[in-house]
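Visitor: Structure below; questions to follow.
The values are calculated or read from the model by the stated rules, or taken from the named source; none is laboratory data. Keep in mind it's a predicted model, so treat the numbers as computed, not measured. In this analysis, Cβ positions are derived from the backbone assuming ideal geometry, glycine residues included, and neighbour counts consider all displayed protein chains.
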Amino acid sequence: MGAEAHSDGASAPQRRSRRFPLITRDTARPEGGGRAAPGDAAAPVRQWPLLAVGGGVALGLLITAFDAFRIGTILVGLSLLAGAVLRRVLPTVGMLAVRSRFTDMATYGGLGFAIVMLALMAQPKPWLSIPFLDDVVHFTVR
């Protein structure tokens, strides 16, 4: 009787292994695969958060190329900070979502903040002077 119960599937459920399978059968849909606008909207409208951040960065790089270094790099940093804010506030941001929400916010926000701070402290005639950071920069550059 024990063998019959075992063959009927009445035994304990099988434990699934936590190891990755040798052969991948499918892939998970990326978090950024969603749309920021309805599906019947045109492609640029569906991905407006990514286009807004990318457009701000492109404009900042263009301004930097035309010899307005400080203003251009500040615009690049502010665009990344705006990307972090968009990632936090909007439920779906389209392809602006690359990783988890926390990782995206930390990455966009950290890089944006660093770029803005470095642009404000750039020589000659820095707009912002933080003595501790000046010492760190001068110590590492020597």
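Visitor: Go through LEU61, LEU50 for me and flag whichever is closer than 23 Å to LEU128 by Cα, in a helix (DSSP H, G or I) and among the hydrophobic types (A, V, I, L, M, F, W, C).
Guide: Numbers: LEU50 fails: closer than 23 Å to LEU128 by Cα.
Testing whether each residue is closer than 23 Å to LEU128 by Cα, in a helix (DSSP H, G or I) and among the hydrophobic types (A, V, I, L, M, F, W, C) leaves just LEU61.
Visitor: Filter the range 27-64 for residues that are modelled with pLDDT of 95 or more, over 16 Å from GLY94 (Cβ atoms) and either in contact with a His (Cβ under 6 Å, 6 or more places away or on another chain) or loosely packed, with under 13 Cβ neighbours inside 10 Å (or both) and give the result.
Guide: Hit for the range 27-64 is LEU62, nothing else.
Visitor: Continuing with the same structure: Regarding ARG87, is this residue in a helix (DSSP H, G or I), within 25 Å of GLY55 (Cα to Cα) and in contact with an Asp or Glu (Cβ under 9 Å, 6 or more places away or on another chain)?
Guide: Values: in a helix (DSSP H, G or I): yes; within 25 Å of GLY55 (Cα to Cα): yes; in contact with an Asp or Glu (Cβ under 9 Å, 6 or more places away or on another chain): yes.
Spelling it out, ARG87 is indeed in a helix (DSSP H, G or I), within 25 Å of GLY55 (Cα to Cα) and in contact with an Asp or Glu (Cβ under 9 Å, 6 or more places away or on another chain).
Visitor: Would the range 67-81 turn up any residue that is buried (at least 18 other Cβ atoms within 10 Å of the Cβ) and aromatic (Phe, Trp, Tyr)?
Guide: no
Visitor: May I ask you to say which residue of LEU96, LEU133, LEU80 is without any contact (Cβ under 8 Å) to a residue 60 or more places away in the chain and within 24 Å of ARG46 (Cβ to Cβ)?
Guide: Working: LEU96 fails: without any contact (Cβ under 8 Å) to a residue 60 or more places away in the chain; LEU133 fails: within 24 Å of ARG46 (Cβ to Cβ).
Result: LEU80 is the single residue among LEU96, LEU133, LEU80 that is without any contact (Cβ under 8 Å) to a residue 60 or more places away in the chain and within 24 Å of ARG46 (Cβ to Cβ).
Visitor: Mind telling me which of the residues VAL57, VAL45, VAL85 ends up being touching a Ser or Thr at 6+ places or on another chain (Cβ under 6 Å) and of a type in the set (A, V, I, L, M)? Step through it out loud before you land on a result.
Guide: Values: VAL45 fails: touching a Ser or Thr at 6+ places or on another chain (Cβ under 6 Å); VAL85 fails: touching a Ser or Thr at 6+ places or on another chain (Cβ under 6 Å).
The conditions single out VAL57.
Visitor: For the range 85-142, how many residues meet the condition of being surrounded by 12 or more Cβ atoms within 10 Å (Cβ to Cβ) and either on the phi > 0 side of the Ramachandran plot or acidic (Asp, Glu) (or both)?
Guide: Of the residues in that region, 3 qualify.
Visitor: Check VAL116, VAL98, VAL136 and return the single one that is part of a helix (DSSP H, G or I) and either modelled with pLDDT of 90 or more or touching a helix residue (DSSP H, G or I) at 6+ places or on another chain (Cβ under 9 Å) (or both). Show your work before the answer.
Guide: On the way: VAL98 fails: part of a helix (DSSP H, G or I); VAL136 fails: either modelled with pLDDT of 90 or more or touching a helix residue (DSSP H, G or I) at 6+ places or on another chain (Cβ under 9 Å) (or both).
It is VAL116.
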